[in-house]
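Undergrad: If you scroll down you'll find the structure; I have some questions about it.
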Amino acid sequence: MSDETDHAATAADMPGGSPPGPQSIVPRDTIAGRALIAVIAIMTFLAALTLGAVVLIRATATEWQSEVAREVTIQVRPAPGRDIEADVKSASAIAAAQPGVAGVRPYSKAETTRLLEPWLGTGLTFDDLPIPRLIVVRIAPDAAPDLGQLAKAVAAQVPSATVDDHRGWIDRMRGMAQTSVVIGLGLMVLVLIATVLSVTFATGGAMAANRAIIEVLHFVGAKDGFIAGQFQRHFLLLGLIGGIIGGAAAMLLFLVAGFFGDRFKGTGGEEQVAALFGSFSIGIAGYAAIVGLVVLIAVVTAGASRLTVYRTLGSIE
């Protein structure tokens with residue numbers, strides 16, 4: 001307790017609060033410290049993965065909503081006494097004449113049949129089935145056509161046709177994306193709580209191991225802020241090291257996923273995955289968010305340590 005205590009006690013009396021040759025009262029390289037770094041690294045990695053998943057979900061959902069909102073589908077059902085081919089042409093012409101429509105694409109009978117093959121299989125004959133025909137109407141960018149007027153005009157000429165603006169699908173998609181974001185943020189909060197608990201126990205253990213030194217410093221007049229600062233700097237460093245390791249591992253994982261996504265671009269599997277999850281690229285904003293998460297983990301670690309020290313010092317008579 002000799003030299004280290006003298007240095008620490010001298011530091012408490014100095015105006016600047018730090019000795020000429022500062023020595024921490026907390027050992028810098030211990031088994032407990034290395035274990036805490038590993039725990040913080042794992043927590044940061046999991047939190048960064050969750051954060052990246054939230055960024056991907058938001059970006060993909062926004063892209064989906066934008067794509068779906070720019071399309072309107074007209075469904076023409078077969079009706080007795082009517083020529084479905086003529087009805088398709090008539091509905092297509094009405095849609096093309098509407099202001100704000102960029103293009104109209106009616107699906108042929110063969111194309112409609114191929115749309116059913118994933119569910120009904122190949123090699124089947126659909127001639128006797130009342131399969132409706134689809135017309136995809138593309139909306140021009142920054143245009144807002146009167147879909148109600150379009151529905152009325154189509155229904156007046158083709159009674160068996162209906163217009164679907166996908167509003168219900170967009171609302172469900174938006175709800176799913178918001179729910180996923182809330183779940184992701186909830187998981188991040190749980191990770192932060194687990195980090196705080198780990199740091200609290202580690203700080204309590206460090207104070208118990210150095211209790212004799214802390215009591216001497218406390219009784220000779222060392223400020224609580226000085227003692228707490230020693231622990232805060234120690235655990236801030238541990239939090240930064242663990243956070244950087246976990247954050248870098250998560251960034252590397254996203255970079256590798258993006259690399260392989262670009263490498264297999266154009267294949268059938270990649271198109272299916274991209275349709276569901278996007279390009280696995282979280283972009284600059286995503287990587288900046290992970291860096292911010294690393295800083296947050298370090299600050300939370302230091303803050304939890306400081307609060308634990310103050311509570312412990314308050315119990316010393």
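Just so you know, all these numbers are worked out from the coordinates, no wet-lab data involved. Not measured: the values here are computed from a predicted model. Cβ: placed from backbone, ideal geometry, glycine included. Neighbour counts: every protein chain shown.
Undergrad: Given the peptides 160-170, 78-88, arrange them by the average over their residues of other C-beta atoms within 10 Å, most packed first.
TA: 160-170, 78-88
Undergrad: Could you pull the Cα extents of the stretch 86-209 along its three principal axes, largest to smallest, in whole Å?
TA: Largest to smallest, the principal-axis extents are 88, 41, 20 Å.
Undergrad: Now, a different point. Across the stretch 229-244, in residue order, what do the Karplus-derived ³J(HN,Hα) couplings come to in whole Hz, using 6.51 cos²θ - 1.76 cosθ + 1.60 with θ = phi - 60° and x for Gly and Pro?
TA: Values, residue by residue: x, 4, 5, 4, 5, 4, 6, 5, 5, 4, x, 5, 4, x, x, 5 Hz.
Undergrad: I need the phi-derived Karplus couplings for the stretch 182-188: 6.51 cos²θ - 1.76 cosθ + 1.60, θ = phi - 60°, integer Hz, Gly and Pro marked x.
TA: So the Karplus estimates, Gly and Pro as x, are 4, 4, x, 5, x, 5, 5 Hz.
Undergrad: For an R0 of 51 angstrom, estimate the FRET efficiency from the Cβ-Cβ distance between GLU111 and ARG211 and round to the nearest 0.05.
TA: Once the sixth-power term is evaluated, E becomes 0.05.
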